[in-house]
1. What aspartates and glutamates sit close enough to K402 to cross-link, taking a C-alpha to C-alpha distance under 15 Å and skipping anything fewer than 8 places away on the same chain?
2. Where q = 0.30 Å⁻¹, what log10 of I(q)/I(0) comes from the Debye formula for region 394-444, counting one point per Cα?
3. Kindly express, to the nearest 10 degrees and within the range 0 to 90, the angle between helix 2-24's C-alpha long axis and the longest C-alpha principal axis of the chain.
4. Rolling a 1.4 Å sphere over the protein heavy atoms, what is the accessible area per residue of region 382-473, to the nearest Å²?
5. What is the gain in length, in nm to one decimal, between Y300 and R96 on full extension, counting 0.36 nm per residue of separation less the C-alpha to C-alpha distance?
6. Extending each Cα 7 Å along its Cβ direction at E156 and E245, get the distance between those two points in nm, one decimal.
7. With semi-axes √(5λ) of the Cα gyration tensor in Å in mind, check (1) 32, 27, 22; (2) 54, 26, 19; (3) 47, 29, 21 and report the label derived from this structure.
8. Let's test the formula: R0 of 51 Å, r as the Cβ-Cβ distance of K292 and S189. What FRET efficiency results, to the nearest 0.05?
Amino acid sequence: MNEDRIADRIETELETELQTIAGSMVKFALPEDLSQIKALADAHRKELGFTNRTHLAAAIDKQEVLWVREVGFLQFHNRRDRISTLHLLAIRSEARRQGIGRRLLRSWEEHSRQCGMTVLRLKCPLDLEANGFYARVGFQRVEIEPGRSRPLVVWEKKLMSLQPERSQFVASFSASGRELDRLFQLWQSGGDPRNPFKYVLFSPISCPASTAEYLKRQKEAGNIETVWLDCGAYQVQQGKRTYEELLSYIDRFYRENQWADGYVLPDIVPLSTDDDEIVEYKVRDTIAHCQKFFGQMPNYVRERAIAPVQGRKIHQVERCIETYSKIGITRIGFGSWGTSGPNGSVNLLSASSLSLFKKVCDIARENRMLVHCFGIGGPNSYNRLRKNNLIPDSLDSTTWWKAGGFGSIFFPNTSQIQITVRRGIQTTKAGLEKLKQDTQHSCAFCESIEQLRTSRKHRIAHNLAAWLDTLER
């Protein structure tokens, strides 16, 4: 009896130890783990089939293998169509039923969600008990398909897109390659390790050819992670181009530039001065043009498409999102803010547009879509979103560039200050130092008030640093 109790205690302690290992050691496999993972896969050859060592090594290099050392591993692949597929899952036989498989699947799910995946998918031989396990952890059986030697059950789990803690900043601009290079070099000289150019958005129709060439080189060099191409509907809004010219231009440019990571589909932007009938007309045309343009584009554009949502009423934005969801688009962009200024060039976050944007976010989450904000303004605008618990997955702004060009700067949680004119306490050296202290902001580009007054580049770089601070807080 005592021996039985001792054996039970040892078994319990072993289970606890395995659970602890599983809880703290789920991580991406490293190249030195390859031999152990291959041995574990070979031990489960009946369930997994033959595992190619070279393919496994490549998956480890791409961080597509999650690993609990000496206990279990999971190999997956994130596809461009936002589906993450499970290739291999193996748990050491004596470590089963300890929650390790669940933890590996949970880590896979969390990583896939962070990468913007919308669906988890796997296939399991019909005769294996593992099918019951996948059903218990939330997968739905989609179909049974023939395999090489036995039928396979196809399982899927749809991932609801959760609201992020903060938005990804996308630097938007209209500048030449030479101007950008000067700004890049200035930023690097400031010693800030953050990269405000990790994500960038530009409209090729409104920029010189050197812009695309420069950004492509920077992306190839690893200095930029993601480049999105804007359709340039603002050019039509300002009367600089006809809509037909815009469509012809981006059709050609998108086909000639496969290297981009995002392609904004064409839209017709409603203005605050438009009456309800005109807005409805523009919404219908936006949806129709997006569908037609999307259908004519090569697959790489479809996979990376960003569809604009326009409208003044809930049923209009619902129509946009539902249409885009049906054709497989996974990222939408909202830009129907109130507008003011010449040609509606300034976006305003009115109470009605914030309420509409909340509905857009809710519908998009239901359809497992990522949400982008087009041109929301400066840090104050982002703070308004946060106060209303509206945090998009990403947002773009040109205020850092435009404000700096017109002699203005801003700090986290502040409005713009016309620093080139000595007017008010904030435009004095003492006032600027107090503002820096109050906002807890300091960067290499605002150390000297004289530089801010005289150097456009320093104002722009400072505004970039202030934007990053705003998002991080």
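1. Of all the aspartates and glutamates, those that pass the test against K402 - Cα under 15 Å, at least 8 places apart if same chain - are E179.
2. Taking Cα atoms of region 394-444 as identical point scatterers yields -1.27.
3. 30 degrees
4. 46 Å²
5. Values: separation 204, 0.36 × 204 = 73.44 nm, distance 4.12 nm.
Computed gain between Y300 and R96 is 69.3 nm.
6. According to this spin-label approximation, the distance is 4.4 nm.
7. (3)
8. 0.60
The values are calculated or read from the model by the stated rules, or taken from the named source; none is laboratory data. Computed from a predicted structure; not experimentally measured. Cβ sites come from the backbone with ideal geometry, for glycine too, and all protein chains shown count toward neighbours. Areas reflect the complete protein model, heavy atoms only, side chains present, ligands, DNA and RNA absent. Shrake-Rupley method; radii C 1.70, N 1.55, O 1.52, S 1.80 Å.
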